[in-house]
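Heads up, the thing below is written out as structure tokens.
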Amino acid sequence: MEKTKLLTIAVLSLLVLNLATLGFLLLSGPNGNHHQQGQGPEGRLKPKEIIIEKLHFDVNQQKEYDKLIQWHQGEIKTIEDHIREAKDALYQILSSSEINIKSKDSLINALSLHQKEIEITHFKHFEDTKKLCHKDQIEDFNTLTEELGRLFSKGRKPPRR
């Protein structure tokens with residue numbers, strides 16, 4: 001009887017522990033992280049929010065910045081679509097019995113030009129962002145430019161505060 005009692009207590013303890021774990025996971029939101037408005041994964045602020053905060057944009061500047069973001073995202077999506085098409089065509093060459101070097105080189109060159117377009121678009125976006133700044137915000141913008149590479153890299157680290 002002693003073993004049965006011990007086994008029952010162990011099973012009930014494990015059941016309670018599993019239910020508590022499930023409750024925690026369900027209540028803590030997507031991917032187990034608490035997401036707040038304006039925050040991305042792991043509770044980090046989204047780049048848009050970081051820029052608005054660091055540049056101290058007023059309401060009108062924020063509206064104009066939203067328009068810039070919409071333009072920027074549209075341009076980048078179009079370029080990324082071209083990149084996807086070029087990559088599809090490039091890798092289709094692999095299924096040929098003989099690889100056409102000129103076609104391969106042409107597609108690789110097209111990919112590099114599309115990547116160049118992306119960088120030009122990013123740069124223009126920040127030129128336009130700078131134009132939104134008032135004179136007293138330019139110094140903040142210049143400080144922000146030191147962080148831009150890190151801020152927008154994949155797997156970015158949260159900015160230092």
> When you look at LEU107, is it in contact with a helix residue (DSSP H, G or I) (Cβ under 9 Å, 6 or more places away or on another chain), open to solvent by less than 80 Å² (accessible area, probe 1.4 Å) and touching a residue at least 24 places away in the same chain (Cβ under 8 Å), yes or no?
Replying inline: no
> Can you tell me how many residues in the stretch 130-151 are in contact with a helix residue (DSSP H, G or I) (Cβ under 6 Å, 6 or more places away or on another chain) and either open to solvent by less than 70 Å² (accessible area, probe 1.4 Å) or touching a residue at least 40 places away in the same chain (Cβ under 8 Å) (or both)?
Replying inline: 7
>> Between a residue in the stretch 41-62 that is modelled with pLDDT of 90 or more and any residue that is loosely packed, with under 15 Cβ neighbours inside 10 Å and among the small types (Gly, Ala, Ser), which pairs come within a Cβ distance under 7 Å, given they are 6 or more apart or on different chains?
In response: GLU49/GLY38
> In the stretch 46-67, which residues are farther than 16 Å from LEU144 by Cα and of a type in the set (Val, Ile, Thr)?
Replying inline: VAL59
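The values are calculated or read from the model by the stated rules, or taken from the named source; none is laboratory data. Nothing here was measured: the structure is a model prediction, and the numbers come from that model. When we count neighbours, we look across all protein chains shown, and the Cβ atoms used for this are built from the backbone with ideal geometry, even at glycine. We work out accessible area using only protein heavy atoms, side chains counted, and drop any ligands, DNA or RNA first. Shrake-Rupley method; radii C 1.70, N 1.55, O 1.52, S 1.80 Å.
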